[in-house]
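Asker: Please read through the structure below; I'll follow up with questions.
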Amino acid sequence: MANQKVTDPLVALVTLTRPVHWVKNFSLFAALLFTGGLFSRLLFKRVFWGFLIFNLATSSAYIFNDILDAKRDALHPFKKNRPLAKGLIPLEVAFFISLLLAFLALFFASQFSQFFFLMVATYLLLQVAYSLFLKHTAIIDILVIATGFVIRVYAGAFIINAHLSVWFLLCVISIALFLASGKRRAELSLAGAPAQTRKSLTHYQTELLNSYVTMFGNAAWMSWALFTFFESPQAAMPLWLFLAELSKATTINKLLMATIPVTIFGIMRYESLIFADRSEAPEKLLLTDLPLVTSVMIWVGMVVWILYGGVSRVAY
C-alpha cells in the first residue's frame, strides 16, 4: 500500500500504520512451534494476543520513523507515496497516533508478564533510537534491524515461558542479518542520491553489501542445518522405528534435516531477488513472490508435519 497513490483519508490512516510490516511479527510464533505447543489453545491464544500487541508497537515505531523521515521520503522513488511524505496526514496527528499505539502496546504487554513487557519496551526504545540517530550509522543500522527480529522471537518465548536452543537463536540472528543487509543492498541500488534518502547509504558500497548478503545467507542455512542436526526431536513413526531395526544407518533422529534443501532454495531465491534489486521491502516479498511464498509454505508444512504429525516426538 505504501507504493500506491493514497488519497482517501481512511486509506491514508491505514497505510500510515504500515500493516504489511506486521508479517514480521509472526516471528513470535517460533517458540510456540518448536516447543510443541502449537495446538495448545491456551498457549496459542497467549501468543496470538502477543502478536496483536507487537502489531501496535510496530505501527507506533514506523509512524514515528515516518514523521522524522517525511522530507527525505518525499525524494525517494517509492516512499514519496507514503501519507506523511505526501502531506495527507498532519505530523501532529501522526505523532499522537504513534504515542497512543505505544501506550496501548505497553499497557497490554504489562498484563501478560514482566519479561514480555520488557521486550516490548526494549523494542520501542530501540526503534526510537534507530529513528533518531542509529539508522544514520553504517553497520549499526543493519545490526539494529536484525535485533528487532531477535526481540520478537524471544518475546514469543517469554509469553509461554519456553526455552529456545542457542542453535535456534543463531538461526534467527543469521536470517535477520541476511534480510537486513539485503534490504540495504536494494536501497542502495534504488536511491538516486543516497545522501538525500538515507545517510548511512553513503558509507556502503555495492561490493561490501554483496559480501554481507553472501556471508549471512551462508550463515543462515548453515545455522539451520546445525539446529536440525542437534535439536531434531526423536523419531516416533512406526516406519522409522522399523527401519531402525533393519539398519543402524536409519537410527538417527534427524528428521528436521529433511527441511534443509527447502531452506537453501528459499535463501537462494531471496538472494536472487536481492541482486535483482527487489528486496527493499522483505515483508512484501514474503507475501507476493510466488516461489518464495511457496518455499516458505512447504518449509512450514514440513516442520509442522515432522513435529506434530506423529513423525517425531517433541520433548515437552
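Asker: Quick check on segment 56-75. Is at least one of its residues under 19 Å from the mean Cα position of the chain (by Cα), at pLDDT below 95 and of a type outside the set (A, V, I, L, M)?
Answerer: yes
Asker: Being out of contact with any helix residue (DSSP H, G or I) (no Cβ under 6 Å at 6 or more places or on another chain), closer than 24 Å to residue 309 by Cβ, part of a helix (DSSP H, G or I) and without any contact (Cβ under 8 Å) to a residue 12 or more places away in the chain is the requirement here; does residue 48 meet it?
Answerer: Numbers: out of contact with any helix residue (DSSP H, G or I) (no Cβ under 6 Å at 6 or more places or on another chain): yes; closer than 24 Å to residue 309 by Cβ: yes; part of a helix (DSSP H, G or I): yes; without any contact (Cβ under 8 Å) to a residue 12 or more places away in the chain: yes.
So residue 48 fits the description; yes.
Asker: Could you look through segment 53-99, keep only residues that are free of Cβ contacts under 8 Å to residues at least 40 places away in the same chain and aliphatic (A, V, I, L, M), and pick out the one that is farthest from residue 162 (Cα to Cα)?
Answerer: Only one residue fits best here, namely 74.
Asker: Collect the residues in segment 115-141 that are of a type outside the set (Phe, Trp, Tyr) and not in a helix (DSSP H, G or I), keeping them in residue-number order.
Answerer: Restricting attention to segment 115-141, the residues satisfying the condition of being of a type outside the set (Phe, Trp, Tyr) are 118-122, 124-129, 131-132, 134-141.
Matches in segment 115-141: 137, 138, 139.
Asker: Within segment 152-175, how many residues are over 24 Å from residue 117 (Cβ atoms) and either part of a helix (DSSP H, G or I) or touching a Leu at 6+ places or on another chain (Cβ under 7 Å) (or both)? Write out each step before concluding.
Answerer: Step one: list which residues in segment 152-175 are over 24 Å from residue 117 (Cβ atoms), which gives 165-167, 170-171, 174-175.
With either part of a helix (DSSP H, G or I) or touching a Leu at 6+ places or on another chain (Cβ under 7 Å) (or both) added as a condition, the list becomes 166-167, 170-171, 174-175.
Summing the residues that are over 24 Å from residue 117 (Cβ atoms) and either part of a helix (DSSP H, G or I) or touching a Leu at 6+ places or on another chain (Cβ under 7 Å) (or both) in segment 152-175 gives 6.
Asker: How many residues, within segment 13-45, are part of a helix (DSSP H, G or I), within 21 Å of residue 287 (Cα to Cα) and not basic (Lys, Arg)? Full working, then the answer.
Answerer: Keep residues of segment 13-45 that are part of a helix (DSSP H, G or I), which gives 13-16, 19-34, 41-45.
With the extra rule that they be within 21 Å of residue 287 (Cα to Cα), the set shrinks to 14-16, 19-30, 33.
Next, only the ones that are not basic (Lys, Arg) stay: 14-16, 19-23, 25-30, 33.
Matching residues across segment 13-45 total 15.
Asker: Continuing with the same structure: Among the residues of segment 61-84, is any aromatic (Phe, Trp, Tyr), touching a Phe, Trp or Tyr at 6+ places or on another chain (Cβ under 7 Å) and not in a helix (DSSP H, G or I)?
Answerer: Step one: of segment 61-84, the residues aromatic (Phe, Trp, Tyr) are 62, 64, 78.
Still in the list and also touching a Phe, Trp or Tyr at 6+ places or on another chain (Cβ under 7 Å): none.
Taking every residue of segment 61-84 in turn, none turns out to be aromatic (Phe, Trp, Tyr), touching a Phe, Trp or Tyr at 6+ places or on another chain (Cβ under 7 Å) and not in a helix (DSSP H, G or I).
Asker: Still on this structure, please answer the following. Within segment 191-201, is even one residue touching a Lys or Arg at 6+ places or on another chain (Cβ under 6 Å) and at pLDDT below 90? Can you show your working first?
Answerer: Pass one, segment 191-201, residues touching a Lys or Arg at 6+ places or on another chain (Cβ under 6 Å): 197.
If we keep only those that are at pLDDT below 90 too, we end up with 197.
Yes.
Asker: What is the one condition in (1) in contact with a Leu (Cβ under 9 Å, 6 or more places away or on another chain); (2) within 20 Å of residue 130 (Cα to Cα); (3) of a type in the set (D, E, K, R) that residue 79 does not satisfy?
Answerer: Condition not satisfied by residue 79: (1).
The values are calculated or read from the model by the stated rules, or taken from the named source; none is laboratory data. Since this is a predicted model, take the numbers as computed values, not measurements. Cβ sites come from the backbone with ideal geometry, for glycine too, and all protein chains shown count toward neighbours.
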